[in-house]
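Structure, as structure tokens:
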Amino acid sequence: MAREFHLSVVAPDRSVVEEPVVSLIAPGSEGYFGVLVGHPPFIAALKPGLLEYADVSNNRHYVYLGGGFIDVREQKVTVLADEAQRAQEIDIQHAERELDSARRALRGESSEMPADIAVEEVEKAMSRIRAARAAR
């Protein structure tokens, strides 16, 4: 039995990851979950968060996901992400500015962003920052 499976992470504008991996941890809508070779097939909704995976050399990699869906099959896992960025592509300073802007909106200091959108933006910005820092 193979000890790896193929991971495909696709965003609306591009393919972000296409490689064999040995494990992954994903941000499910009901909480984080892991996948190893031989995992039973399933489909799940994803919330904004951090996708972590180990390549065949057991090196850890991180990808920010802005939500989406995951399809787990016998030898392939496909993530259809609303948005996705590899950790090394993330500009931490930009993400920190987005976080600050969303927090100001939540405090009522800015009327440019509705509160429900601000909550989502806080979560997304914090996930981007976590991903970028995890990769360094």
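Annotations for the structure displayed:
Residue-by-condition table, conditions (1) closer than 18 Å to Ala134 by Cα; (2) buried (at least 17 other Cβ atoms within 10 Å of the Cβ); (3) among the aromatic types (Phe, Trp, Tyr); (4) modelled with pLDDT of 95 or more:
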residue	(1), (2), (3), (4)
Pro48	yes, yes, no, no
Ala95	yes, yes, no, no
Ser101	no, yes, no, no
Ser110	no, no, no, no
Pro114	no, no, no, no
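- Residue under evaluation Lys124, criteria (1) within 17 Å of the chain's Cα centre (by Cα); (2) closer than 16 Å to Ile25 by Cα, criterion not met: (2)
- Selected residue (criterion: farthest from Glu123 (Cα to Cα)) from residues of the range 63-81 that are touching a His at 6+ places or on another chain (Cβ under 8 Å) and of a type outside the set (Lys, Arg): Gln75
- Residues considered: Val21, Val10. Of these, the only one that is over 13 Å from Ala84 (Cα atoms) and among the hydrophobic types (A, V, I, L, M, F, W, C) is Val21.
- Counting only strands (runs of 3 or more DSSP E) that sit wholly inside the range 1-106, those with at least 2 residues that are of a type in the set (Ser, Thr, Tyr) are 14-28, 60-72.
- Qualifying position, being surrounded by 12 or more Cβ atoms within 10 Å (Cβ to Cβ), touching a residue at least 40 places away in the same chain (Cβ under 8 Å) and either within 14 Å of the chain's Cα centre (by Cα) or more than 22 Å from Ala135 (Cβ to Cβ) (or both), among Val35, Val72, Val119, Val9: Val9
- The condition (being under 9 Å from the mean Cα position of the chain (by Cα) and outside the structural domain of Arg128 (by TED's automatic domain parsing)) is satisfied by just one residue among Leu65, Leu24: Leu65.
Residue by residue, here is whether (1) under 22 Å from Ser127 (Cα atoms); (2) crowded, with 16+ Cβ neighbours inside 10 Å holds:
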residue: Val16; (1), (2): yes, yes
residue: Val22; (1), (2): no, yes
residue: Glu30; (1), (2): yes, no
residue: Val56; (1), (2): no, no
residue: His61; (1), (2): yes, yes
residue: Glu83; (1), (2): yes, yes
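- Selection within the range 75-93 - under 16 Å from Arg133 (Cβ atoms) and of a type outside the set (S, T, N, Q): Arg86, Ala87, Glu89, Ile90, Asp91, Ile92
The values are calculated or read from the model by the stated rules, or taken from the named source; none is laboratory data. Please read these numbers as outputs of a predicted model, since none were measured by experiment. Every residue, glycine among them, receives a Cβ derived from its backbone with ideal geometry; neighbour counts consider all protein chains shown.
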